[in-house]
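The values are calculated or read from the model by the stated rules, or taken from the named source; none is laboratory data. Being a predicted model, the structure only gives us computed values, none of them experimental. As a convention, Cβ positions derive from the backbone with ideal geometry for all residues, glycine included, and neighbour counts pool all protein chains shown. These accessible areas exclude ligands, DNA and RNA; they are computed on the full protein's heavy atoms, side chains included. Shrake-Rupley method; radii C 1.70, N 1.55, O 1.52, S 1.80 Å.
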Amino acid sequence: MAEKTVDCVGLYCPVPIAQAAEALAEVAVGETIEVLADDPGVESDFPSWCRVTGHELVSMERAADGFRIVIRRKK
Amino acid sequence: MVEEQRRKKMALVLCSGELDKALACMNIAVGGASMGMEVIVFATFFGLNAFRRDGVAPAPAAGEEPRRVGLFGARFIRRVFAYLNPGGGGRLNPSRFSFGGLGRRLMAYLMRDSRMAHLDELIPLGAKLGVRYIACTTSLEALGIPRTNLRPEVTTFAGVATFLADALESDVQLFI
(Lines give C-alpha, C1' and ligand atoms only; values in the text may rest on other atoms or scores of the structure.)
Protein backbone atom coordinates (compact mmCIF):
# COMPACT_ATOMS: atom_id res chain seq x y z
CA MET A 1 0.00 0.00 0.00
CA ALA A 2 1.45 3.33 -1.00
CA GLU A 3 2.15 5.90 1.69
CA LYS A 4 0.69 8.71 -0.35
CA THR A 5 -1.56 9.11 -3.37
CA VAL A 6 -1.26 11.95 -5.87
CA ASP A 7 -4.27 12.47 -8.10
CA CYS A 8 -3.15 14.15 -11.34
CA VAL A 9 -6.13 13.08 -13.44
CA GLY A 10 -6.98 15.86 -15.86
CA LEU A 11 -3.60 17.53 -15.44
CA TYR A 12 -0.92 17.71 -18.10
CA CYS A 13 2.84 17.55 -18.26
CA PRO A 14 4.84 18.81 -16.38
CA VAL A 15 2.37 18.94 -13.46
CA PRO A 16 2.24 15.16 -12.77
CA ILE A 17 6.03 14.83 -12.41
CA ALA A 18 6.21 18.02 -10.34
CA GLN A 19 3.52 16.80 -7.95
CA ALA A 20 5.10 13.35 -7.79
CA ALA A 21 8.47 14.88 -6.89
CA GLU A 22 6.83 16.95 -4.18
CA ALA A 23 4.98 13.97 -2.72
CA LEU A 24 8.05 11.74 -2.84
CA ALA A 25 10.01 14.28 -0.81
CA GLU A 26 7.39 13.97 1.94
CA VAL A 27 7.71 10.20 2.44
CA ALA A 28 10.64 8.36 3.99
CA VAL A 29 13.33 6.60 1.97
CA GLY A 30 12.04 3.13 1.05
CA GLU A 31 8.39 4.16 1.13
CA THR A 32 6.20 4.39 -1.96
CA ILE A 33 3.79 6.85 -3.50
CA GLU A 34 1.02 6.24 -6.00
CA VAL A 35 0.35 8.62 -8.89
CA LEU A 36 -2.90 8.62 -10.86
CA ALA A 37 -2.66 10.44 -14.19
CA ASP A 38 -4.35 10.46 -17.57
CA ASP A 39 -1.88 12.56 -19.58
CA PRO A 40 -0.65 10.06 -22.21
CA GLY A 41 2.83 11.53 -21.81
CA VAL A 42 3.29 9.98 -18.37
CA GLU A 43 3.76 6.55 -19.92
CA SER A 44 7.14 7.68 -21.23
CA ASP A 45 7.83 10.42 -18.68
CA PHE A 46 7.79 8.47 -15.43
CA PRO A 47 10.32 5.83 -16.54
CA SER A 48 12.58 8.69 -17.76
CA TRP A 49 12.03 10.67 -14.57
CA CYS A 50 12.95 7.65 -12.42
CA ARG A 51 16.01 6.90 -14.55
CA VAL A 52 17.32 10.44 -14.00
CA THR A 53 16.34 10.87 -10.34
CA GLY A 54 17.36 7.37 -9.26
CA HIS A 55 14.03 6.47 -7.68
CA GLU A 56 12.41 3.13 -8.42
CA LEU A 57 9.47 2.72 -10.73
CA VAL A 58 7.70 -0.11 -8.94
CA SER A 59 4.79 -0.46 -11.33
CA MET A 60 2.79 1.26 -14.01
CA GLU A 61 -0.66 -0.03 -14.80
CA ARG A 62 -2.75 1.22 -17.63
CA ALA A 63 -6.44 1.52 -16.83
CA ALA A 64 -9.31 2.66 -19.02
CA ASP A 65 -9.16 6.17 -17.59
CA GLY A 66 -5.40 6.61 -17.30
CA PHE A 67 -2.37 5.27 -15.50
CA ARG A 68 -1.62 4.14 -11.96
CA ILE A 69 2.07 4.54 -11.20
CA VAL A 70 3.88 3.42 -8.05
CA ILE A 71 7.27 4.92 -7.22
CA ARG A 72 9.63 4.04 -4.36
CA ARG A 73 11.85 6.71 -2.83
CA LYS A 74 15.43 5.44 -3.00
CA LYS A 75 17.41 8.30 -1.49
CA MET B 1 39.63 4.68 -31.26
CA VAL B 2 36.34 6.04 -32.53
CA GLU B 3 34.75 2.57 -32.40
CA GLU B 4 35.30 2.32 -28.67
CA GLN B 5 33.65 5.62 -27.83
CA ARG B 6 30.06 5.92 -26.70
CA ARG B 7 27.76 6.78 -29.57
CA LYS B 8 27.29 10.54 -29.70
CA LYS B 9 23.79 11.80 -29.08
CA MET B 10 21.84 14.94 -30.01
CA ALA B 11 18.56 16.26 -28.61
CA LEU B 12 16.67 18.85 -30.66
CA VAL B 13 13.56 20.78 -29.68
CA LEU B 14 11.47 22.18 -32.50
CA CYS B 15 9.19 24.78 -30.94
CA SER B 16 8.83 27.13 -33.92
CA GLY B 17 6.30 26.67 -36.67
CA GLU B 18 8.28 28.54 -39.31
CA LEU B 19 9.59 26.91 -42.45
CA ASP B 20 13.21 28.05 -42.10
CA LYS B 21 13.42 26.90 -38.47
CA ALA B 22 11.84 23.52 -39.26
CA LEU B 23 14.21 23.05 -42.21
CA ALA B 24 17.22 23.97 -40.06
CA CYS B 25 16.06 21.48 -37.42
CA MET B 26 15.61 18.68 -39.94
CA ASN B 27 18.89 19.44 -41.70
CA ILE B 28 20.73 19.17 -38.40
CA ALA B 29 18.81 16.02 -37.44
CA VAL B 30 19.49 14.26 -40.74
CA GLY B 31 23.09 15.47 -40.68
CA GLY B 32 23.62 14.13 -37.17
CA ALA B 33 22.03 10.78 -37.97
CA SER B 34 24.19 10.57 -41.10
CA MET B 35 27.25 11.07 -38.91
CA GLY B 36 26.25 8.11 -36.78
CA MET B 37 24.71 10.12 -33.96
CA GLU B 38 21.63 9.06 -32.07
CA VAL B 39 19.13 11.89 -32.69
CA ILE B 40 15.84 12.80 -31.09
CA VAL B 41 13.55 15.63 -32.21
CA PHE B 42 11.06 16.79 -29.60
CA ALA B 43 8.28 18.71 -31.35
CA THR B 44 6.22 21.07 -29.25
CA PHE B 45 3.77 23.95 -29.78
CA PHE B 46 3.86 25.20 -33.38
CA GLY B 47 6.84 22.96 -34.06
CA LEU B 48 4.28 20.16 -34.21
CA ASN B 49 2.91 21.59 -37.46
CA ALA B 50 5.94 20.35 -39.41
CA PHE B 51 5.08 16.79 -38.38
CA ARG B 52 1.38 16.98 -39.14
CA ARG B 53 -0.46 15.64 -42.14
CA ASP B 54 -1.44 18.27 -44.65
CA GLY B 55 -4.42 20.46 -43.92
CA VAL B 56 -6.94 21.12 -41.19
CA ALA B 57 -6.99 18.64 -38.31
CA PRO B 58 -10.31 16.77 -38.24
CA ALA B 59 -12.53 17.24 -35.21
CA PRO B 60 -12.00 14.35 -32.81
CA ALA B 61 -14.63 11.63 -33.16
CA ALA B 62 -17.15 11.06 -30.40
CA GLY B 63 -15.47 9.33 -27.48
CA GLU B 64 -12.03 10.12 -28.93
CA GLU B 65 -11.98 13.55 -27.38
CA PRO B 66 -9.76 13.80 -24.32
CA ARG B 67 -11.18 14.84 -20.98
CA ARG B 68 -12.09 18.51 -20.98
CA VAL B 69 -13.35 20.93 -18.42
CA GLY B 70 -15.96 22.00 -20.95
CA LEU B 71 -15.58 25.77 -20.65
CA PHE B 72 -18.14 27.81 -22.57
CA GLY B 73 -17.23 28.02 -26.27
CA ALA B 74 -13.97 26.09 -25.95
CA ARG B 75 -14.99 23.48 -28.52
CA PHE B 76 -15.93 26.19 -31.01
CA ILE B 77 -12.70 28.12 -30.42
CA ARG B 78 -10.72 24.92 -30.98
CA ARG B 79 -12.45 24.35 -34.33
CA VAL B 80 -11.77 27.92 -35.47
CA PHE B 81 -8.18 27.51 -34.36
CA ALA B 82 -7.88 24.24 -36.32
CA TYR B 83 -8.79 26.17 -39.48
CA LEU B 84 -6.40 29.01 -38.67
CA ASN B 85 -3.57 26.59 -37.87
CA PRO B 86 -3.45 23.93 -40.59
CA GLY B 87 -0.57 21.47 -40.49
CA GLY B 88 1.90 19.95 -42.90
CA GLY B 89 5.46 20.81 -43.88
CA GLY B 90 4.22 22.43 -47.09
CA ARG B 91 2.00 24.82 -45.11
CA LEU B 92 4.73 26.38 -43.01
CA ASN B 93 5.50 30.00 -43.82
CA PRO B 94 9.02 31.41 -43.77
CA SER B 95 9.81 33.70 -40.84
CA ARG B 96 10.43 36.55 -43.29
CA PHE B 97 8.73 37.37 -46.61
CA SER B 98 5.64 35.37 -45.82
CA PHE B 99 3.51 37.52 -48.17
CA GLY B 100 0.32 35.94 -46.90
CA GLY B 101 1.24 32.42 -48.04
CA LEU B 102 2.99 33.33 -51.28
CA GLY B 103 6.38 33.26 -49.56
CA ARG B 104 6.30 29.55 -48.81
CA ARG B 105 5.45 28.77 -52.41
CA LEU B 106 8.32 30.93 -53.65
CA MET B 107 10.61 29.23 -51.13
CA ALA B 108 9.48 25.77 -52.26
CA TYR B 109 10.05 26.81 -55.87
CA LEU B 110 13.56 28.08 -55.15
CA MET B 111 14.34 24.99 -53.08
CA ARG B 112 13.23 22.81 -55.96
CA ASP B 113 15.43 24.83 -58.31
CA SER B 114 18.47 24.29 -56.12
CA ARG B 115 17.48 20.67 -55.40
CA MET B 116 17.23 21.36 -51.69
CA ALA B 117 15.26 18.70 -49.83
CA HIS B 118 11.92 19.82 -48.37
CA LEU B 119 10.39 18.63 -45.11
CA ASP B 120 8.33 15.87 -46.72
CA GLU B 121 11.64 14.30 -47.86
CA LEU B 122 13.77 15.14 -44.81
CA ILE B 123 11.36 13.76 -42.20
CA PRO B 124 11.11 10.22 -43.70
CA LEU B 125 14.84 10.30 -44.52
CA GLY B 126 15.60 11.08 -40.89
CA ALA B 127 13.31 8.27 -39.75
CA LYS B 128 15.15 5.88 -42.06
CA LEU B 129 18.45 6.95 -40.50
CA GLY B 130 17.06 6.34 -37.03
CA VAL B 131 15.95 9.83 -35.94
CA ARG B 132 13.28 9.47 -33.27
CA TYR B 133 10.44 11.98 -33.39
CA ILE B 134 8.65 12.77 -30.14
CA ALA B 135 5.43 14.77 -29.97
CA CYS B 136 4.65 16.77 -26.83
CA THR B 137 1.37 15.47 -25.43
CA THR B 138 0.55 18.68 -23.58
CA SER B 139 0.79 20.75 -26.77
CA LEU B 140 -1.26 18.24 -28.74
CA GLU B 141 -4.04 18.51 -26.19
CA ALA B 142 -3.85 22.27 -25.82
CA LEU B 143 -3.86 22.89 -29.57
CA GLY B 144 -6.53 20.21 -30.13
CA ILE B 145 -4.41 18.15 -32.57
CA PRO B 146 -5.37 14.46 -32.62
CA ARG B 147 -2.51 11.93 -32.79
CA THR B 148 -3.95 10.59 -36.02
CA ASN B 149 -3.19 13.98 -37.58
CA LEU B 150 0.56 13.43 -37.16
CA ARG B 151 2.83 11.81 -39.73
CA PRO B 152 3.53 8.10 -39.21
CA GLU B 153 7.22 8.88 -38.49
CA VAL B 154 6.19 10.33 -35.12
CA THR B 155 6.38 7.28 -32.89
CA THR B 156 6.64 8.64 -29.37
CA PHE B 157 4.20 10.76 -27.39
CA ALA B 158 5.76 12.14 -24.27
CA GLY B 159 6.46 15.07 -22.00
CA VAL B 160 9.30 17.11 -20.61
CA ALA B 161 10.84 14.36 -18.44
CA THR B 162 11.37 12.20 -21.50
CA PHE B 163 13.04 15.03 -23.35
CA LEU B 164 15.24 15.98 -20.40
CA ALA B 165 16.36 12.40 -19.78
CA ASP B 166 17.47 12.27 -23.43
CA ALA B 167 18.98 15.76 -23.28
CA LEU B 168 21.08 14.83 -20.22
CA GLU B 169 22.63 11.97 -22.16
CA SER B 170 23.20 14.11 -25.23
CA ASP B 171 26.37 15.81 -26.39
CA VAL B 172 24.45 18.42 -28.38
CA GLN B 173 21.20 20.05 -27.31
CA LEU B 174 19.49 22.67 -29.45
CA PHE B 175 16.27 24.61 -29.00
CA ILE B 176 14.89 25.78 -32.32
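A few points about this structure:
- Centre separation in Å (Cα based) which lies between segment B:10-31 and segment A:5-27: 31
- Its residue count N sets the reference 2.2 N^0.38 Å, and the alpha-carbon radius of gyration of segment B:127-176 equals 1.23 times that reference.
- Gyration tensor (alpha-carbon) shape descriptor, segment B:85-147, a/c threshold 1.5: oblate
- Within segment B:67-156, trypsin sites (Lys or Arg not before Pro) in DSSP loop having at most 14 other beta-carbon neighbours inside 10 Å: B:ARG67, B:ARG68, B:ARG96, B:ARG115
- Evaluated at q = 0.09, 0.15 Å⁻¹, the base-10 log of the normalised Debye intensity for chain B, with identical point scatterers placed on the Cα atoms, takes the values -0.34, -0.87.
- Annotation for the B:A interface, with buried accessible surface near 1200 Å², both sides summed [1.4 Å probe; non-protein components not counted].
- Judged by the gyration tensor of its Cα atoms, with axes a ≥ b ≥ c, the protein assembly as shown is oblate; a/c meets the 1.5 cut and b/c is at least as large as a/b.
- Largest-first ellipsoid semi-axes for segment B:1-54, taking √(5λ) over the Cα gyration tensor eigenvalues, angstrom: 26, 10, 8
- In the complete set of protein chains, residue-level accessible area for A:VAL70 is approximately 10 Å², probe 1.4 angstrom.
- Heavy-atom surface of chain B, accessible at 1.4 Å and reported per residue (Å²): 55
- Inter-probe distance in nm under a simple model that places probes 7 Å from Cα toward Cβ, at A:LEU57 and A:ASP7: 2.5
- Full-stretch length increase - B:VAL172, B:ILE77 - with 0.36 nm per residue and alpha-carbon distance subtracted: 30.4 nm
- Using C-alpha pairs below 8 Å separated by at least 6 residues, the relative contact order for segment B:1-117 is 27 percent.
- Only Lys, Arg (+1) and Asp, Glu (-1) charged, at Cβ; chain A dipole about Cα centre in debye: 360
- Fraction of accessible area attributable to carbon and sulfur, the protein assembly as shown (%, probe 1.4 Å): 58
- For segment B:129-160, heavy-atom accessible area (probe 1.4 Å) falls by no less than 40 Å² from the chain alone to the full protein assembly at B:THR137, B:THR138, B:GLU141, B:VAL160.
- At q = 0.22 Å⁻¹ the log10 of I(q)/I(0) for segment B:46-131 amounts to -1.12, computed by Debye summation with a single uniform scatterer per C-alpha, solvent ignored.
- Dipole magnitude for chain B: about 560 debye, using +1 per Lys or Arg Cβ and -1 per Asp or Glu Cβ, origin at the Cα centre.
- Set A:LYS75/B:LYS8; A:LYS74/B:LYS9; A:LYS74/B:LYS8; B:LYS8/B:LYS128 screened for pairs whose C-alpha atoms are more than 26 Å apart: A:LYS75/B:LYS8; A:LYS74/B:LYS9; A:LYS74/B:LYS8
- Qualifying chymotrypsin sites (Phe, Trp or Tyr not before Pro) in segment B:40-118, DSSP loop, other Cβ atoms within 10 Å at most 10: B:PHE72
- Distance from segment B:127-150 to segment A:52-75 (C-alpha centre basis), Å: 24
- Viscosity 1.002 mPa s, temperature 20 °C, Stokes-Einstein D of chain A from Kirkwood C-alpha radius, µm²/s: 180
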